[in-house]
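Note sheet for the following structure.
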Amino acid sequence: MDNNNTDHLHIARYITIAMDIAERVKQGDYKEGQKIYGRSTLAGLYNVSPETIRRALSLLQGAGVVKVVPGAGVLVDSVSAARDYLVESGQYKVIKAMHVRLAQLVEERNRLNAAIEHLTSELTEFALAVLSTRHRI
């Protein structure tokens, strides 16, 4: 992994699909009460498995953005919930970026600690060698 690149974050595909659908609801591509598509159609549109779509819709239903009605399909429930979901998703991205950067810093700290420990050991051995030759320790 490139330690200098915190912009490249892995976010599960179902989460990005949920964010895309929420964005479309927010932009008015899908209106409240409108049927968007069934799981199979969405799976084809996003080129993913129906299970991935099920997970994305589950997130959106839990957030109140859509209603999944068996036999009727997926209905848009709330534009304001879509806005709220996108705000939370943005916060998730920030938290994820901070987590990645923290992990990088901890890794860098561990490398520095190892280098310091190694240099301290070398310095101690050298100092003892100098002292022992001068003072016959």
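FYI, it's all coordinate maths here, none of it is from the lab. These numbers were taken from a predicted model, which means no experiment stands behind them. Because the Cβ atoms are built from the backbone with ideal geometry, glycine has one as well, and the counts that use them run over all protein chains shown.
Overview of results
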{"read-out": "Gaussian network model of the chain, Cα within-10 Å springs - most flexible of VAL79, VAL25, VAL48", "value": "VAL48"}
{"read-out": "Label-to-label distance, nm, for residues given as GLU122 and HIS99 (7 Å Cα→Cβ offset)", "value": "3.8"}
{"read-out": "Per-q log10 I(q)/I(0), the chain, q = 0.11, 0.16, 0.17 Å⁻¹ (Debye; single scatterer per alpha-carbon; no solvent)", "value": "-0.55, -0.85, -0.91"}
{"read-out": "Lys, Arg +1 and Asp, Glu -1 on Cβ, resulting dipole of segment 18-85 about Cα centre, debye, nearest 20", "value": "120"}
{"read-out": "Spacing of the two label points (7 Å from each Cα toward its C-beta) at ARG109 and SER40, in nm", "value": "5.4"}
{"read-out": "Top of SER49, SER58, SER78 by mean-square fluctuation, Gaussian network on the chain, Cα under 10 Å", "value": "SER49"}
{"read-out": "Residue-averaged [θ]222 nm for the chain, counting only DSSP H segments that reach four residues, each worth -39500 (n - 2.57)", "value": "-24000 deg cm²/dmol"}
{"read-out": "Options ASN113, SER58, GLY90, ranked by Cα towards positive dipole end of the chain, top entry (Cβ charges)", "value": "SER58"}
{"read-out": "Relative contact order for segment 13-135, counting Cα pairs under 8 Å that sit 6 or more residues apart, in percent", "value": "25"}
